[in-house]
Structures are given as structure tokens and as C-alpha cells.
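**Q** I'd like to ask some things about the structure below.
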Amino acid sequence: MRTAALVPFGLAAGWLAGCMVGPDYHRPDAPVAATFSEAPAPASAAAGGWRPAEPKDQALRAEWWKLFGDPTLDGLEAQVDTGNQTLKQAEANFHSARAAVRFHRADLLPTIGAAPSGGLERLSGNQPYFSRAAANGGDNDFSAPLDLNYEIDLWGRVRRSVNSARDSAQAAAADTENVRLALHAEMAGDYFNLRAAIATQQLLDATVKAYEDALRLTQDRYNGGAAPLSDVAQARSQLETARVQAADIAWPGGPMPTPSPC
């Protein structure tokens, strides 16, 4: 009779353990205006040229920079994953978020603890003011307490915390890959900007050399009476303009260095 009376309480406890307070989160449906459309989509896409978004923030991007076929750029991009502190910080945040999932998930299981201890106490008969008759061979003391702790997740607090930690880990993984993509893109942009600056400097240096030759030729023509003084002034003005433009992008201390992966 006593066992039968405990059955309803056990069923009620099990039912309450499976309950969670509040509704589950569902991503809201974003309405699409019928008056807006993107570029023509494949026939399998939705009407109006719209296609459902498929974000893949956690997916590893391929080595897209190899499409340029530049070995120097490939060597520089290879150093981003190993030498950038911002990326290392993002990866550390991801590992911390993933550890938080395991931490909260552990609350779903019971916790068992044990703290055994032992000791030996012996009263010496040689101590002052002590009766030798009270001396003994010693007393042994040993204890092995066992603790069992389990929190019944009546209202779903533990499971909600696990779900929250899992979502945070997913967001941290997406942030890590977004940081990685941004850093690789920044590296490629800086590399091509440097390449463009080098090409511009080489072009201006060649222009200055050509204008110097043109000025000498014009000066010789003027000295020989075959050109007016205005041609000399114009040639000198072109040369000075090219020198100013070359000085604006000149690398301090000498020629602009060539990018190197080392």
C-alpha cells in the first residue's frame, strides 16, 4: 500500500521534471515586400526573384585568395591564422563558450562526492602528569562520507541555461569565422594597394626620367635657336610637376620595398 501511494508522487515529479517555463524560441518570419526584387534567380527560387537566405557563418571558407595566382600573397595569407592576435582572441572566446556548454550540461546529472579520511591517535605514557595505566596502543579512526546531490529541473532552468550556452557557442563560432574572413580580406586589400603604389611609383619615376630627357632636348633646341623659350619653360614645368607627384608617394628612406611573405 505504501509503495502504491508513492507511485503518483513519482509520476508527478517526472512530469514536472520534463516541463520548462516559457515557450521555445522560434525565429520570426520576415515578410518580403512584393514590390522589391533582386537579380533574376533560378527557376527553383521563390517568385519575384527572392531566394531564402542560407547563412553559413560557421563554415570554413576556402582559400579564395589563391584565385589570384600570386605566390607572395599566398605566403602572406598563410601567416594570418598563426600570427594575428585578434583572431587568437576570437578563438579563445569560442573555446570558452564551448566549455560553458559542458559546464551547464553537467547540472543535468547528479553530483557524487567522497571525502575519505583516516587517523591514528596514541597516548604516550612518558608525558608529565600522566598515568601510565591510561596509555594504550592507539586508536584508529577512519571515515568515508559519500555525498549525492541532484537538482530536479522542475521548471527547466538547467535546460534553458544549456540551450543559452549552446547558442552562445554557435554565435562565438560564427564570430570567429567572420573575423578570420575579414582579416584575410584586409590582408589581400593591403597587398594589392601596396602593389598599386609600387606600380605608380615606378611609372612616375619613369615619367620623371623621360621629362628630364625632354627638358635637356628642349634646352639644346633653344640654345641652337630651333625652339622658343616658352617650350623650355613648359618642359621644366612638366618635369617639376612629375617630381612633386613622385615625391608624394615616395617611400621614406629609399625605394618602396617589395612585399615578401617572410
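**Q** If you rank Glu240, Glu77 by how much accessible surface each has, with a 1.4 Å probe, what is the order from largest down?
**A** Glu240, Glu77
**Q** Further, regarding this structure: With each label point set 7 Å from Cα along the Cα-Cβ vector, what nm distance links Gln245 and Ile152?
**A** With each label placed 7 Å out from Cα toward Cβ, I get 8.4 nm.
**Q** Roughly how many Å is it from the Cα centre of segment 222-249 to that of segment 193-214, as a whole number?
**A** Rounded to whole Å, the Cα centres lie 16 Å apart.
**Q** Accessible area, 1.4 Å probe, largest first: how do Arg27, Arg159 sort?
**A** From most accessible down to least: Arg27, Arg159.
**Q** Between Ser96 and Leu203, 0.36 nm times their residue separation minus their Cα-Cα distance comes to what?
**A** Contour length minus Cα-Cα distance gives 33.4 nm.
**Q** Keeping all protein chains in place and using 1.4 angstrom, which order do His104, His184, His26 fall into by accessible surface area, from largest down?
**A** His26, His104, His184
**Q** Accessible area of Phe142, 1.4 Å probe, to the nearest 10 Å²?
**A** Only protein atoms counted, so the area is about 150 Å².
**Q** Which FRET efficiency value, to the nearest 0.05, is calculated for Asp190 and Gln170 with the Förster distance at 35 angstrom and r the Cβ-Cβ distance?
**A** Efficiency for this residue pair is about 0.70.
**Q** Could you pull the accessible area for Ser117 with a 1.4 Å probe, rounded to 10 Å²?
**A** My reading of the accessible area for Ser117 is about 60 Å².
The values are calculated or read from the model by the stated rules, or taken from the named source; none is laboratory data. A quick note: this is a predicted structure, and the numbers were derived from the prediction, not measured. In this analysis, Cβ positions are derived from the backbone assuming ideal geometry, glycine residues included, and neighbour counts consider all displayed protein chains. Protein only, heavy atoms only, side chains kept; ligands, DNA and RNA dropped before computing areas. Shrake-Rupley method; radii C 1.70, N 1.55, O 1.52, S 1.80 Å.
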